[in-house]
Amino acid sequence: MPTPRRLRRAALPLAATALLATAVTACTSSGGSGGSGGDQRLKVALAFPPAQAMSPYGDDAVTLSRLAVVEGLTRLDRDGEAEPALATSWKRDGDRAWLFTIRPDTVFQDGTELDAAAVVRSLAAAQQASPKPRVLSDTTLTPTAEGADTVRITTKDADPLLPQRLANPSLSVLSAGAYAKSGAKVDPAGHATGPFTLAEVNGAVSATLERNDTYWGAKAKAPGVDVKFVADGTARANALRTKDVDVAEYVPISQASLLGDGLVHEFPSARTNGLSLNTGRGVFADPAMRAAARAAIDPKALVDGVYEGRADPARGLLGPGVPWAADLRTAPAGRAKAATPAEVRKTPEIVLATYTNRPELPEVATVVQQQLEKSGFTVKQVVRDYAQMEADALAGKYDGFIQARNTLLDTADPVSYLASDFTCDGSFNITQLCAKPVDTAVDKAAALADTDARHKAEMTAEAAILGSDALVPLVHERFVQGYDDARVQGVALDPMERTLITADTRIG
């Protein structure tokens, strides 16, 4: 039996805690304070270092969005509906085309002008990127300029979600300078349009942002942001406690009660933590073995033992952060009969992987390992930083991969998540699933313009995916962000995770 969580936390040596705090203090001491009150620079600790050198075509795009660096033609409101950003208006033109009017008198951070040609260049580059951004895994965009201020975007199939899709950070609009180096990664530093300019990136250690004084909207209230990438959750919490940082994202559950309500802010999320099983090779290519693994998992034990009640047992792919899902959920379709314990014990050792950036996940992996071993599996764990694991996970090198996935991140509608993670051509298909019933169900949902009809079709697709046992849902997370609400103002608590620091974020 593992040591109970609270005993382990209490037993953390004071010297170790001091070392963690010292490490973050050393990391965050650079960068001036910029004065007092609203003139102070913000100090922010993020959990995930850049995985692709701040390329806008992977998860780094979300980091750029959370730091208010990049923007697209649209943005999402609290309900997930599209509203104007770099486009002031749009309208549909037939089944597969839309017309977007570009915001006038807007310049990039490098001083060049935003126009229709710049939008076309950015969208075309995203379409041609390899690997393709997840948000484009189920469609193809063809942008063309019609004059200086109008862009026509044609899609492969009818796409009723195009305005929401264009709010995705991977479809941000950048100036020509971002693409200047032939064969190099796209460089957003100084070439975006947001209220903060990415001035410097120091590998996986830090980043510096400066206020964009030419921003088309309300100017940022902070003169800049000093970002440190701190994968250790306890170190982030200690830095917040000692005021070495102003904002710490993803406070570990183990630290939330110690910090207190004034420093932690818990809110519902659209994030589901799940165990992806490799359907393409190895032990879990056998549906009976996947069914046995699913039967072995007890989500409630994870909620009680790892999350201390700050999560919900998973009921499907879509949790409380997608409030309409529960009433439309149907039973999983076509599940295989689980292999017997005797059959399971004859299988080779499986590799169960997860990452350290979300501090609960290694503990989840330990509990899941125990549950699988109790059912007869032999399990080896691999736990590393996410940036070191993503490529291997996508290549199907693990038998099981535990990850936390925001189901609304791509388009504020789960259809893009279902397509990217579970279809044959999905660009984020860690399960390696390729099943015609799933592809058919997802394609049907994606083609529906009526919201209610699309939601029903999405739940049919969920049932097909769960029926394959390609993914075993574990828990539905609640977000815990850290900042002193008596001192720091304007931090965004966004269930879709696209915003954190905004133009309004400030000290005092």
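The values are calculated or read from the model by the stated rules, or taken from the named source; none is laboratory data. Only a predicted model underlies this, so the values are computations on that prediction, with no experimental measurement involved. Glycine also receives a Cβ, built like all others from the backbone with ideal geometry; neighbour counts cover every protein chain displayed. Surface accessibility is based on the protein's heavy atoms, side chains included, excluding ligands, DNA and RNA. Shrake-Rupley method; radii C 1.70, N 1.55, O 1.52, S 1.80 Å.
Could you check the range 466-480 and list, in sequence order, the residues that are farther than 18 Å from Gly400 by Cβ and open to solvent by less than 10 Å² (accessible area, probe 1.4 Å)? Spell out the reasoning first.
Taking the range 466-480 as the starting set, the residues that turn out to be farther than 18 Å from Gly400 by Cβ are 467, 476-480.
Residues satisfying the conditions are Gly467, His476, Phe479, Val480.
Of all residues in the range 48-87, those satisfying the criterion of being among the polar types (S, T, N, Q) and within 15 Å of Asp410 (Cβ to Cβ) are Ser65, Thr74. Scanning the range 159-184 for residues that are farther than 23 Å from Gly194 by Cβ and open to solvent by 40 Å² or more (accessible area, probe 1.4 Å) yields Ser182, Gly183. Within the range 392-417, the set of residues being at pLDDT 95 or above and part of a helix (DSSP H, G or I) comprises Asp392, Ala393, Leu394.
Table: residues versus (1) crowded, with 17+ Cβ neighbours inside 10 Å; (2) at pLDDT 95 or above; (3) part of a strand (DSSP E or B).
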residue	(1), (2), (3)
Gly321	yes, no, no
Ala333	no, no, no
Val344	yes, yes, no
Thr347	yes, yes, no
Asn357	yes, no, no
Leu361	yes, yes, no
Gln369	yes, yes, no
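Consider the range 106-128 and keep the residues that are farther than 13 Å from Thr142 by Cβ and either in contact with a His (Cβ under 8 Å, 6 or more places away or on another chain) or modelled with pLDDT under 95 (or both). The one that is most open to solvent (accessible area, probe 1.4 Å) is Asp110. Take the conditions closer than 28 Å to Val225 by Cβ and at pLDDT below 95 and apply them to Arg66. Does it pass? It is false that Arg66 is closer than 28 Å to Val225 by Cβ and at pLDDT below 95. When Gly426 is tested against (1) open to solvent by less than 20 Å² (accessible area, probe 1.4 Å); (2) of a type outside the set (D, E, K, R); (3) part of a helix (DSSP H, G or I), only condition (3) is not met. If you check Asp261, Asp213, which single one turns out to be of a type in the set (Asp, Glu), modelled with pLDDT under 95 and not in a strand (DSSP E or B)? Testing whether each residue is of a type in the set (Asp, Glu), modelled with pLDDT under 95 and not in a strand (DSSP E or B) leaves just Asp261.
The single condition among (1) farther than 16 Å from Leu174 by Cβ; (2) open to solvent by 20 Å² or more (accessible area, probe 1.4 Å); (3) in contact with a strand residue (DSSP E or B) (Cβ under 6 Å, 6 or more places away or on another chain) that Asp138 does not satisfy is (3). Restricting the first member to the range 210-226 and to residues that are in contact (Cβ under 8 Å) with a residue 24 or more places away in the chain and within 24 Å of Leu73 (Cβ to Cβ), and the second to residues that are open to solvent by 20 Å² or more (accessible area, probe 1.4 Å) and among the β-branched types (Val, Ile, Thr), the beta-carbon pairs closer than 9 Å and six or more apart or on different chains are Asn212/Thr197; Thr214/Val107; Trp216/Val107; Ala220/Thr502.
Report, by residue number, each residue of the range 371-389 that is outside any loop (DSSP other than H, G, I, E, B), of a type outside the set (Lys, Arg) and at pLDDT 95 or above. Outline the logic, then answer.
Pass one, the range 371-389, residues outside any loop (DSSP other than H, G, I, E, B): 371-374, 379-384, 386-388.
Restricting the remaining residues to those that are of a type outside the set (Lys, Arg) gives 371-373, 379, 381-383, 386-388.
Of everything in the range 371-389, those that are outside any loop (DSSP other than H, G, I, E, B), of a type outside the set (Lys, Arg) and at pLDDT 95 or above turn out to be Gln371, Leu372, Glu373, Val379, Gln381, Val382, Val383.
When you look at Arg329, is it open to solvent by 80 Å² or more (accessible area, probe 1.4 Å), basic (Lys, Arg) and touching a residue at least 40 places away in the same chain (Cβ under 8 Å), yes or no? No: the conditions fail for Arg329.
The set of residues in the range 165-194 that are hydroxyl-bearing (Ser, Thr, Tyr) and either under 20 Å from the mean Cα position of the chain (by Cα) or within 14 Å of Ser65 (Cα to Cα) (or both) comprises Ser170, Ser172, Thr193. Entry remark, the range 268-287: residues being under 23 Å from the mean Cα position of the chain (by Cα) and open to solvent by less than 20 Å² (accessible area, probe 1.4 Å) number 10 in total. Just so you know, in the range 47-60 the residues that are open to solvent by less than 30 Å² (accessible area, probe 1.4 Å) and closer than 25 Å to Lys132 by Cβ include one that is modelled with the lowest pLDDT, and it is Gly58.
Within the range 266-274, does at least one residue satisfy the condition of being touching a residue at least 40 places away in the same chain (Cβ under 8 Å), among the hydrophobic types (A, V, I, L, M, F, W, C) and not in a strand (DSSP E or B)? Steps first, answer last, please.
Of the range 266-274, the ones touching a residue at least 40 places away in the same chain (Cβ under 8 Å) are 266-274.
Those still in the list that are among the hydrophobic types (A, V, I, L, M, F, W, C) too: 267, 270.
Filter once more, so that each one left must be not in a strand (DSSP E or B): none.
Within the range 266-274, none of the residues are touching a residue at least 40 places away in the same chain (Cβ under 8 Å), among the hydrophobic types (A, V, I, L, M, F, W, C) and not in a strand (DSSP E or B).
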